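Visitor: Below is a structure I'd like to ask you about.
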Amino acid sequence: LYSTALTSVVMRFFMVQFGCRWSVILGGLVSALGLSMGMVVTEMYQVYLTFGVLTGIGFGLACTPSIMAVEQHFYKQRMQALSVVLSGVGAGIVVFPILIRTLLEHLAWRGTLWILSGIALNLCVCGALMSPVAHGKQVHLMPLLSCVPLRNITFHGMCIANLFWSFGSTVIYMYLPSYAMDQDSSFETSVFLVSCVGMASFTSRVIFSFMGHNSTLDDMTAILCSIGLGVVITGICPLLFDDYAGQIGYSLLFGFYSGYWTTFLSQASRELLGPECIAKGNGYLSFMIALGSIMAGPAAGLLIQEETEFKYAFYLAGSALLWSSVIMMLFKYQSCGLESFVSEPEKNDLKIPLVDRSQNDCLMKGEPILV
């Protein structure tokens with residue numbers, strides 16, 4: 001997971017040179033190679049290199065081009081298309097824990113890696129189906145070393161907020177089953193809570209895809225609201241974990257509202273940066289996700305070791321989500337002055353983008369935006 005997010009920025013140059021199709025195909029080959037090589041390793045460092053790094057690089061090659069393929073083929077219904085595509089993440093959270101556990105029981109870990117490598121090869125089939133867009137509809141991406149996205153101060157806030165959101169969400173995903181088992185739940189029922197998060201996330205992405213299109217809020221405000229609800233739910237989490245019904249309720253509610261963030265992250269990045277910088281912006285956001293995920297596990301583990309109770313880890317997760325909301329709110333408040341630059345006809349629209357066409361031209365020319 002960390003290698004996937006960390007390499008999504010660096011591997012973007014391959015997508016610029018060869019397109020989305022060949023990037024996804026190569027990603028499928030590399031990830032399948034990493035999983036299959038994990039069958040023959042004998043040392044722990046070899047597991048890190050094959051199952052961790054090599055497989056992560058392959059998924060990093062396939063991740064961003066998959067989103068960009070949707071960005072290039074859809075215009076009017078882009079939000080709905082992205083929601084349907086990213087709902088597969090929620091479906092994967094539901095299916096793969098059950099599938100992997102079943103494979104481990106019947107085929108042991110070597111056979112499981114062999115089956116997973118075959119599943120990863122299906123990325124090559126998916127990449128082959130990504131037909132190139134017409135020349136007139138192509139989105140011209142920024143060069144790899146371009147710093148244009150970093151000139152947008154609001155995008156800085158979104159990156160920092162993404163770091164805190166990733167930190168809090170990783171703690172919840174990592175310690176949710178352990179917290180449930182600490183409350184005398186069985187192993188099977190505790191693991192099922194993660195599937196509940198996935199089911200709720202899958203449902204929310206489909207629902208929000210149709211609600212968000214008709215919303216009077218811009219994408220960043222809608223994301224801010226969803227994080228705030230996640231903070232409230234996580235804050236009362238210890239009160240809900242006294243019985244299994246409360247544990248399922250928390251998992252469903254958190255999965256439902258957290259699904260909005262990942263679904264409309266690309267849409268909010270487009271709203272801030274414009275279509276030319278969307279791939280680079282998503283790469284920076286993925287990098288911040290990786291940093292937050294790397295820091296979350298050790299920090300929560302040390303806290304649990306000191307306090308000997310899992311509820312403090314969830315308080316830490318809730319505070320991280322709260323900071324994510326506060327940071328995004330502050331940067332969005334600072335960007336409210338941009339509304340004065342929007343033309344008069346655009347002011348009558350229900351949705352007001354944070355960066356209009358003239359400001360995007362300034363970004364492309366390297367000129368600063370007045371705030």
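The values are calculated or read from the model by the stated rules, or taken from the named source; none is laboratory data. Bear in mind the structure is a predicted one, so any value in this text is a computation, not a measurement. All Cβ positions, even for glycine, are placed from backbone atoms using ideal geometry, and neighbour counts span all protein chains on display.
Visitor: Can you pull out the residues in the range 120-166 that are of a type in the set (Val, Ile, Thr), modelled with pLDDT of 85 or more and closer than 21 Å to Trp323 by Cβ?
Guide: If the condition is that a residue be of a type in the set (Val, Ile, Thr), modelled with pLDDT of 85 or more and closer than 21 Å to Trp323 by Cβ, then Ile160 is the only one that fits.
Visitor: Still on this model: When only residues in the range 33-74 that are at pLDDT 90 or above and buried (at least 22 other Cβ atoms within 10 Å of the Cβ) count, which is nearest to Ser117 (Cα to Cα)?
Guide: Here the answer is Leu35.
Visitor: Which of (1) closer than 13 Å to Thr154 by Cα; (2) of a type in the set (Phe, Trp, Tyr); (3) modelled with pLDDT of 75 or more is the odd one out, the single condition Phe331 does not satisfy?
Guide: Of (1) closer than 13 Å to Thr154 by Cα; (2) of a type in the set (Phe, Trp, Tyr); (3) modelled with pLDDT of 75 or more, only one is false for Phe331: (3).
Visitor: Follow-up. Taking the range 90-119, which residues are at pLDDT 90 or above and within 23 Å of the chain's Cα centre (by Cα)?
Guide: The answer is Leu116, Ser117, Ile119.
Visitor: Which pairs have Cβ atoms under 8 Å, sit 6 or more apart or on different chains, and link a residue in the range 291-306 that is farther than 19 Å from Asn162 by Cβ to one that is surrounded by 16 or more Cβ atoms within 10 Å (Cβ to Cβ)?
Guide: Close Cβ pairs (under 8 Å, with a partner that is surrounded by 16 or more Cβ atoms within 10 Å (Cβ to Cβ)) amount to Leu303/Ala313; Leu303/Leu316; Ile304/Tyr175; Ile304/Phe310; Ile304/Ala313.
Visitor: Assess whether Ser87 counts as being within 18 Å of the chain's Cα centre (by Cα), of a type in the set (Ser, Thr, Tyr) and modelled with pLDDT under 80. First the steps, then the outcome.
Guide: On the way: within 18 Å of the chain's Cα centre (by Cα): yes; of a type in the set (Ser, Thr, Tyr): yes; modelled with pLDDT under 80: yes.
The answer is yes for Ser87.
Visitor: Here's a follow-up. Please work out if Val89 is closer than 23 Å to Gly283 by Cβ, of a type outside the set (Asp, Glu) and in contact with a helix residue (DSSP H, G or I) (Cβ under 7 Å, 6 or more places away or on another chain). Reasoning before the result, please.
Guide: Numbers: closer than 23 Å to Gly283 by Cβ: yes; of a type outside the set (Asp, Glu): yes; in contact with a helix residue (DSSP H, G or I) (Cβ under 7 Å, 6 or more places away or on another chain): yes.
Taking the combined requirement at face value, the residue satisfies it.
Visitor: Shifting gears a bit: Just checking, does the range 94-111 include any residue being touching a residue at least 12 places away in the same chain (Cβ under 8 Å) and touching a Lys or Arg at 6+ places or on another chain (Cβ under 8 Å)?
Guide: no
Visitor: So, in the range 160-175, how many residues would count as being hydroxyl-bearing (Ser, Thr, Tyr), surrounded by fewer than 24 Cβ atoms within 10 Å (Cβ to Cβ) and in contact with a Gly (Cβ under 7 Å, 6 or more places away or on another chain)? So that I can check it myself, show each step before the final result.
Guide: First pass over the range 160-175, keeping only residues hydroxyl-bearing (Ser, Thr, Tyr): 166, 169-170, 173, 175.
Add one more test, that the residue is surrounded by fewer than 24 Cβ atoms within 10 Å (Cβ to Cβ), and what stays is 170, 173, 175.
Okay, now just the ones that are also in contact with a Gly (Cβ under 7 Å, 6 or more places away or on another chain), so 170.
Summing the residues that are hydroxyl-bearing (Ser, Thr, Tyr), surrounded by fewer than 24 Cβ atoms within 10 Å (Cβ to Cβ) and in contact with a Gly (Cβ under 7 Å, 6 or more places away or on another chain) in the range 160-175 gives 1.
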